[in-house]
Structure formats: structure tokens, C-alpha cells
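The values are calculated or read from the model by the stated rules, or taken from the named source; none is laboratory data. Being a predicted model, the structure only gives us computed values, none of them experimental. FYI the Cβ positions are ideal-geometry reconstructions off the backbone, even for glycines, and counts take in every protein chain you see.
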Amino acid sequence: MKIKKLCLLLLSVILVFAITGCGLFGPEKKTSTDAIDPPPDFDMVPIMDQDDLIVDEAASGERVGATGSLELSIYFVDGNGLVVPMGIQIPRSEGIAKETLRFMTKGGPVLSQIAGTSLEPVLPAGTEVIGMSINDGVAKIDFTKEFLNYQTKEHERQMIEAVVWTLTEFPTIESVHFMVEGHYIESMPVGGTSLEEPVSRTIGINLEVSGQANIGSPALTSHVMLYFQAVDESGKMYYVPVTRIIPRTENRLEAVIAETLRGPLQDNLYSATIPTTKINTINRTGTNLHVDFDDRLTTYGPGSHGEFTVIQSLILGLTEIQDIDAISITINGEKPVMAEEQSVEAMTRPQVINRIGL
């Protein structure tokens with residue numbers, strides 16, 4: 001265990017020098033294009049299992065586990081205080097959306113699946129769901145009073161983000177209306193988060209602000225969804241969603257690509273991207289997107305884990321954009337090569353990210 005922790009410490013030190021970053025809502029560090037150190041050796045860090053990105057026409061609907069359970073994405077808080085999705089096995093039940101909330105509660109049935117990780121359920125111990133209904137895309141949830149047993153505004157934000165993002169993984173749910181003991185909550189008691197209206201993913205997740213964005217004038221800003229990597233105390237790498245506030249743009253496609261290449265702003269997130277990577281072309285045909293980069297997409301070369309993490313981060317971020325279903329990525333016109341020397345065709349968003357369920 002001590003050896004693993006030492007390795008992680010050394011990896012973190014290398015990553016700090018390899019990638020520019022800053023704390024949440026803190027001052028932004030400028031990236032120098034004169035001398036860019038290569039990112040750490042991602043090939044030495046195991047990656048949590050992901051769903052296959054390659055389009056599979058036969059793969060659709062629910063993911064069924066070996067015991068007849070369902071594998072679903074549930075959002076937890078990691079050791080860095082970030083809200084992250086994990087693939088968890090949940091027994092089939094009549095109200096599966098309601099059942100997921102049990103697996104988000106401290107002391108609940110999920111503990112055996114997240115043992116050995118830094119993950120923590122977000123709902124306070126003892127929280128139960130009195131009732132839940134789904135109508136016209138709105139999930140109304142009535143929690144017991146234990147839902148309000150938290151202490152900090154950070155935990156408040158984490159709870160709201162995790163519940164909203166977990167439930168909106170279901171195609172029938174677009175937003176969540178929070179209740180406690182039969183009464184709607186106008187605002188949360190610690191941080192004052194407004195809950196008068198149903199909450200959707202527009203609230204963002206793991207919010208951070210680009211140094212150029214004027215958050216005092218929301219009309220002058222845009223939000224983009226990005227994905228970077230973090231390393232668990234077990235030594236495995238996993239993907240973390242980030243909502244970055246940037247100066248207003250009408251071209252979200254280019255913005256997602258540019259901000260992904262720019263890399264993370266927080267010191268506890270990592271990327272194998274090179275900020276000076278050139279985008280040769282971007283072409284969109286209906287719901288299909290093709291992006292061609294130059295050979296600086298990563299420093300690792302064809303078929304490496306480093307190249308894979310960059311491509312996966314791009315796929316995850318770009319498929320957050322409405323009406324983007326399949327993405328083709330080429331490097332100077334050539335298809336990247338993954339495992340077993342198979343070239344990668346059009347890719348879609350995986351149903352499950354960061355699979356750790358038993």
C-alpha cells in the first residue's frame with residue numbers, strides 16, 4: 001500500500017509540472033507555448049474499464065449484469081471533492097430510478113462496490129425517498145428530513161449535482177424537483193441553492209471559470225462540457241466531467257475541442273493533450289462529426305493509452321452537444337490505431353463511464 005501511495009505521489013508531482021492548472025474559480029495559470037513538457041507516461045497508469053467507443057449497431061438499451069442486475073451510471077464525490085460518474089450494478093426493481101438514490105446514500109448498499117476507492121456517496125446517512133413520480137420529463141422526489149443533514153455549501157452543491165446528473169441519465173428524466181417531507185424546497189439551508197424550479201443539467205457539474213470569462217455578465221459567457229482524468233488512490237485513472245465557463249461563443253463544437261486541448265485548469269485533473277495541437281478540419285454531416293488533427297494530438301504515438309484518453313475525452317465532451325451522435329477522428333487524414341492494431345471508425349458515446357461495479 002505504501003508503495004502504491006508513493007507511486008501516486010510521484011505521478012502527481014510529474015503531472016503538476018506537465019500540465020498547467022488552477023483551483024476552482026481561482027486565478028488561471030498561463031500556458032507557455034515556447035516550451036511544453038511532455039505529459040506523464042499514461043501508459044504506466046491503468047485506466048478504469050470503459051464501454052467500447054466503436055459503433056455497435058447491435059448494442060442498445062439497458063446493460064444487464066451477470067446476475068440480472070442493471071449497470072447504471074451513478075455520481076459520487078471523489079477524493080478531490082469532484083462529482084464523478086461510476087458504473088454500478090443495481091438490482092432490477094419496479095422503480096429503478098428511485099432505487100439508484102439508495103445507492104447514493106451514505107451507509108447504503110453501494111459500499112461493497114466502492115470499497116478500496118476514495119469515492120463517497122453524497123446523500124446524508126438515513127436519507128430515504130418517501131415518494132417519487134416522473135411526469136413530462138420532471139422527476140419529483142420527496143426525501144425524508146435527513147436529506148438536509150449536511151454542513152457545508154460545497155456538500156450542498158455536490159448533492160444537487162449528483163442527484164440531478166444521476167437521474168437525468170434516464171431518458172425519461174430531464175430535470176428534478178426536490179421536496180422534503182411533502183414540501184417543495186425553495187432554497188437549500190446552507191448555501192442557499194435555489195430549488196423553486198425543477199433543476200436540470202444546465203446547472204453544470206464541477207464548475208470552473210476560464211480566466212477570460214466575465215462571470216459578472218452571464219450573457220457574455222458560454223458553458224462547455226469537458227472531460228479530463230483523475231487518479232484514484234488505488235492507482236486507476238478515471239474520467240471526470242467539468243463544466244467550464246468561457247467567453248461567449250456561437251461555435252460550441254470548436255470551443256469544446258479547443259478547451260479540451262487546452263487541458264484542465266485544476267491541479268488534481270490531468271490530460272495527455274498538447275495545447276498547441278492544430279485542428280486541420282471540422283466537418284459535420286447531420287448528427288455525424290469528423291475532426292482531423294495534426295500529429296501533436298498526443299506525444300505518445302499510435303495505439304497508446306495517452307492517445308486513447310485524449311480521444312475518449314473528446315468523444316465524451318463532443319457528444320454532450322445536442323444532435324451529435326457519431327464522431328470520426330483522424331490525424332493528418334489517417335485513422336488512429338487502437339488495441340490489436342485495429343483502426344478506429346466512427347465512435348459513439350459509451351453507455352457507462354468508469355466501470356467499477358462488481
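If the Cβ limit is 7 Å and pairs must be 6+ apart or interchain, which residue in segment 200-221 that is in the same structural domain as residue 178 (by TED's automatic domain parsing) pairs with which residue that is loosely packed, with under 15 Cβ neighbours inside 10 Å and not in a loop (DSSP other than H, G, I, E, B)? No pair meets every condition.
How many residues does segment 247-256 hold that are surrounded by fewer than 21 Cβ atoms within 10 Å (Cβ to Cβ) and of a type in the set (A, V, I, L, M, F, W, C)?
Our first condition is that a residue be surrounded by fewer than 21 Cβ atoms within 10 Å (Cβ to Cβ); within segment 247-256, this holds for 247-254.
Checking which are of a type in the set (A, V, I, L, M, F, W, C) leaves us with 253.
Of the residues in segment 247-256, 1 are surrounded by fewer than 21 Cβ atoms within 10 Å (Cβ to Cβ) and of a type in the set (A, V, I, L, M, F, W, C).
Does segment 272-290 include one or more residues that are surrounded by 16 or more Cβ atoms within 10 Å (Cβ to Cβ), at pLDDT below 85 and not aliphatic (A, V, I, L, M)? No, segment 272-290 contains no residue that is surrounded by 16 or more Cβ atoms within 10 Å (Cβ to Cβ), at pLDDT below 85 and not aliphatic (A, V, I, L, M).
Name every residue in segment 313-323 that is at pLDDT 90 or above and either out of contact with any helix residue (DSSP H, G or I) (no Cβ under 7 Å at 6 or more places or on another chain) or surrounded by fewer than 21 Cβ atoms within 10 Å (Cβ to Cβ) (or both), in order of residue number.
We begin by selecting, within segment 313-323, every residue at pLDDT 90 or above; these are 313-321.
If the condition is that a residue be at pLDDT 90 or above and either out of contact with any helix residue (DSSP H, G or I) (no Cβ under 7 Å at 6 or more places or on another chain) or surrounded by fewer than 21 Cβ atoms within 10 Å (Cβ to Cβ) (or both), then 315, 316, 319, 320, 321 are the ones that fit.
Residues checked against (1) assigned to a strand (DSSP E or B); (2) in contact with a helix residue (DSSP H, G or I) (Cβ under 8 Å, 6 or more places away or on another chain); (3) over 21 Å from residue 130 (Cβ atoms):
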{"position": "160", "(1), (2), (3)": "no, yes, no"}
{"position": "166", "(1), (2), (3)": "no, yes, no"}
{"position": "177", "(1), (2), (3)": "yes, no, no"}
{"position": "190", "(1), (2), (3)": "no, yes, yes"}
{"position": "205", "(1), (2), (3)": "no, yes, yes"}
{"position": "212", "(1), (2), (3)": "no, no, yes"}
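Sub-6 Å Cβ pairs linking a first residue in segment 222-236 that is free of Cβ contacts under 8 Å to residues at least 24 places away in the same chain to a second residue that is in a strand (DSSP E or B) and crowded, with 17+ Cβ neighbours inside 10 Å, at least 6 apart or interchain, are 223/243; 223/245, ordered by first then second residue.
Look through segment 103-132, keep the residues that are hydrophobic (A, V, I, L, M, F, W, C) and in a strand (DSSP E or B), and return whichever of them is nearest to residue 158 (Cα to Cα). Spell out the reasoning first.
As a first pass, look at segment 103-132 and keep what is hydrophobic (A, V, I, L, M, F, W, C): 103-104, 110-111, 114-115, 119, 122-123, 125, 129-130, 132.
Next, only the ones that are in a strand (DSSP E or B) stay: 123, 129-130, 132.
Values: 123: 9, 129: 18, 130: 21, 132: 21 Å.
The residue in question is 123.
Any chance segment 165-180 includes a residue that's hydrophobic (A, V, I, L, M, F, W, C), without any contact (Cβ under 8 Å) to a residue 24 or more places away in the chain, in contact with a strand residue (DSSP E or B) (Cβ under 9 Å, 6 or more places away or on another chain) and surrounded by fewer than 21 Cβ atoms within 10 Å (Cβ to Cβ)? No, because not a single residue in segment 165-180 is hydrophobic (A, V, I, L, M, F, W, C), without any contact (Cβ under 8 Å) to a residue 24 or more places away in the chain, in contact with a strand residue (DSSP E or B) (Cβ under 9 Å, 6 or more places away or on another chain) and surrounded by fewer than 21 Cβ atoms within 10 Å (Cβ to Cβ).
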